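Colleague: The structure's right below; bear with me while I get my questions together.
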């Protein structure tokens with residue numbers, strides 16, 4: 001089969017890690033008889049440098065013409081990059097928000113899984129880490145505070161900033177359905193996270209989520225306030241299966257969940273629209289401090305490519321092959337610097353760089 005894939009390499013370590021993911025996809029194509037056609041798309045700081053804006057209409061049109069999009073990372077160092085001296089709507093992240101809206105990517109799926117081989121890297125207490133955890137955060141991605149009306153102006157002699165958090169029932173219902181659908185294929189448990197003791201938007205969120213739950217009697221639904229959820233993620237992450245939440249809460253909680261796995265460099269994500277189209281990217285940032293050194297961990301991007309095969313192309317066997325290859329190389333002691341044993345004991349460990357890790361995945365497919 002032939003699949004057209006847009007590749008947004010982006011900034012910082014983005015080009016390095018997307019190249020390794022593409023290498024793995026080509027190996028999958030060779031083994032399983034598929035053709036993957038790559039079309040490069042500019043977005044982020046590199047687009048600002050080349051075109052004067054973080055995302056052009058041409059880039060949007062090109063992305064829409066693909067079967068899926070694989071992305072590296074966007075942005076740079078906020079304290080030193082000239083991009084962050086620009087108005088907010090011209091900065092790299094503005095392109096990310098825009099492409100999510102333009103492509104209708106309302107559902108962000110971010111798994112957080114503690115690989116047994118990396119339990120030592122988990123920053124939680126050993127008795128918590130040894131239990132392991134396997135959760136998926138379903139974050140609404142195109143509504144809420146990040147997309148509401150905003151302004152800064154003088155009010156009664158004082159500079160005042162306003163950001164608007166707004167959700168309607170359709171936006172809530174569609175992301176809730178996606179969460180319950182995913183839960184059916186997992187452990188059949190949804191934890192909906194909100195702030196219903198304070199926010200009207202959260203009270204509507206809870207009401208609609210409970211209505212959707214009636215169509216999924218096999219799935220257990222519970223509610224949790226976001227402040228408690230943040231605490232529970234570090235106290236007892238094993239209690240969670242699917243976490244359903246709105247845009248800003250999901251942004252914060254998914255980063256917290258990723259770090260308790262030991263390395264954000266291991267975590268993939270998918271952003272999906274109403275069809276099978278999706279944008280797939282690692283959970284980490286552009287890490288400009290290590291860009292070009294060949295030491296970045298590409299596994300999150302490679303695992304994002306596996307999610308693309310599974311969710312957009314229905315190639316479950318091929319996705320399994322990539323995920324199994326990652327488990328196998330971890331069993332074999334292959335590590336990039338960010339996932340080396342914290343104890344300093346490197347017995348049985350082989351440290352590799354970005355390219356070496358990509359090769360290790362390919363060798364096991």
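The values are calculated or read from the model by the stated rules, or taken from the named source; none is laboratory data. Being a predicted model, the structure only gives us computed values, none of them experimental. Every residue, glycine as well, gets a Cβ built from its backbone with ideal geometry; the counts of neighbours run over all protein chains shown.
Colleague: Considering only the range 95-162, give the strands (runs of 3 or more DSSP E) lying wholly within it that have at least 3 residues that are within 23 Å of residue 84 (Cα to Cα).
Modeller: Correct list: 150-155.
Colleague: For the condition surrounded by fewer than 21 Cβ atoms within 10 Å (Cβ to Cβ), closer than 22 Å to residue 97 by Cβ and in contact with a strand residue (DSSP E or B) (Cβ under 7 Å, 6 or more places away or on another chain), what is the one hit in 278, 285?
Modeller: Result of the check over 278, 285: 285.
Colleague: Go through the residues of the range 209-228 one by one and say whether even a single one is under 30 Å from residue 132 (Cβ atoms), surrounded by 16 or more Cβ atoms within 10 Å (Cβ to Cβ) and under 21 Å from the mean Cα position of the chain (by Cα).
Modeller: The answer is yes; a qualifying residue exists.
Colleague: While we're on this one: Before we move on, is residue 173 touching a helix residue (DSSP H, G or I) at 6+ places or on another chain (Cβ under 6 Å), at pLDDT 95 or above and not in a helix (DSSP H, G or I)?
Modeller: When the stated conditions are applied, residue 173 does not pass them.
Colleague: Same structure, new question: Being assigned to a loop (DSSP other than H, G, I, E, B), touching a residue at least 40 places away in the same chain (Cβ under 8 Å) and loosely packed, with under 15 Cβ neighbours inside 10 Å is the filter here, so list the residues in the range 326-364 that pass it.
Modeller: If the condition is that a residue be assigned to a loop (DSSP other than H, G, I, E, B), touching a residue at least 40 places away in the same chain (Cβ under 8 Å) and loosely packed, with under 15 Cβ neighbours inside 10 Å, then 342, 343 are the ones that fit.
Colleague: Please indicate, with yes or no, whether at least one residue in the range 35-44 is crowded, with 18+ Cβ neighbours inside 10 Å, assigned by TED's automatic domain parsing to the domain that holds residue 83 and assigned to a helix (DSSP H, G or I).
Modeller: Applying the first criterion (crowded, with 18+ Cβ neighbours inside 10 Å) to the range 35-44 yields 36, 41-44.
Right, trim to assigned by TED's automatic domain parsing to the domain that holds residue 83 and you get 36, 41-44.
So of that shortlist, the ones also assigned to a helix (DSSP H, G or I) come out as none.
Among the residues of the range 35-44, not one is crowded, with 18+ Cβ neighbours inside 10 Å, assigned by TED's automatic domain parsing to the domain that holds residue 83 and assigned to a helix (DSSP H, G or I), which makes the answer no.
Colleague: Condition test on residue 202, is it farther than 28 Å from residue 68 by Cβ and surrounded by fewer than 19 Cβ atoms within 10 Å (Cβ to Cβ)?
Modeller: In short, no.
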